[in-house]
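The values are calculated or read from the model by the stated rules, or taken from the named source; none is laboratory data. Please read these numbers as outputs of a predicted model, since none were measured by experiment. Here the Cβ positions follow ideal geometry from the backbone for every residue, glycine too, while neighbour counts run over all protein chains shown.
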């Protein structure tokens, strides 16, 4: 396809468009028609959607096109790479509770736990409860689970329970979840959320991980969507502390 030009595009569309057009003109002799068409499409799409191209996240456009043109699943590869990069970007956590309290269909749902046991969230009424929705394929979850283990060890003697519920199929992911728990030495309860429980908690925001801090009376106090190791750990710790202070006078039933 020829030598990759060290083009790093960014800035306003007015400045980027001439650069992109010059680059296309220089590269057209070294590219097949499908690759050239794809390049034009990517430039137009980036300018239209973001006001500036997304190529700044890659070493060079040529390298990106070599990767895409050599695979039969180019759109999927592109989407996965963009999604992965977006997951790595720090995001401001969303702390707004999606519900005022855990509804009965969540509290009383029979959930499968690792090891073959079952549980209900209502079994932990009177506790400050941290519920985390996650999956074994989730990259941010690899940072979150060890931090949740630290929080659990710090607060367990004060009536805090941590429960991680995978959103995956229980049978299909059983071995992966067991390996996850072993690798991270997780000391708290790990199981699976039913689709109904997961969707009820997510309330239309289906990104994971999602963590919920729940008071001893069942009210949802804080919600965290995504995980940033430099920020979210401290914010979760503060949320748990606040929950314990708010409900200091509420009996701990367990």
Quiz prompt | Qualifying positions in the range 148-160 - in contact (Cβ under 8 Å) with a residue 60 or more places away in the chain and over 22 Å from the mean Cα position of the chain (by Cα) | solution = 154, 155, 158, 159, 160
Quiz item: residue 206 versus (1) outside any loop (DSSP other than H, G, I, E, B); (2) under 29 Å from residue 116 (Cβ atoms): which is the lone unmet condition?
Solution: (1)
Quiz item: Are any residues in the range 227-240 outside any helix (DSSP H, G or I) and either at pLDDT 95 or above or buried (at least 22 other Cβ atoms within 10 Å of the Cβ) (or both), and if so, which ones?
Solution: 227
Quiz item: Hey, any hits in the range 158-165 for a residue that's over 20 Å from residue 145 (Cβ atoms), touching a helix residue (DSSP H, G or I) at 6+ places or on another chain (Cβ under 8 Å), surrounded by fewer than 18 Cβ atoms within 10 Å (Cβ to Cβ) and outside the structural domain of residue 118 (by TED's automatic domain parsing)?
Solution: no
Practice problem: For residue 94, state whether it is under 15 Å from the mean Cα position of the chain (by Cα), surrounded by fewer than 16 Cβ atoms within 10 Å (Cβ to Cβ) and either at pLDDT below 95 or not assigned by TED's automatic domain parsing to the domain that holds residue 220 (or both). | Solution: yes
Quiz prompt | Positions within the range 120-147 being under 20 Å from residue 170 (Cβ atoms), within 25 Å of the chain's Cα centre (by Cα) and not in a loop (DSSP other than H, G, I, E, B), in sequence order | solution = 121, 131, 132, 133, 134, 141, 145
Practice problem: Please find, among 198, 109, 211, the residue that is touching a helix residue (DSSP H, G or I) at 6+ places or on another chain (Cβ under 6 Å) and either surrounded by 14 or more Cβ atoms within 10 Å (Cβ to Cβ) or in a strand (DSSP E or B) (or both). | Solution: 109
Quiz item: Hey, residue 174 hits all of (1) closer than 24 Å to residue 99 by Cβ; (2) surrounded by fewer than 18 Cβ atoms within 10 Å (Cβ to Cβ); (3) over 18 Å from the mean Cα position of the chain (by Cα) but one; which does it fall short on?
Solution: (1)
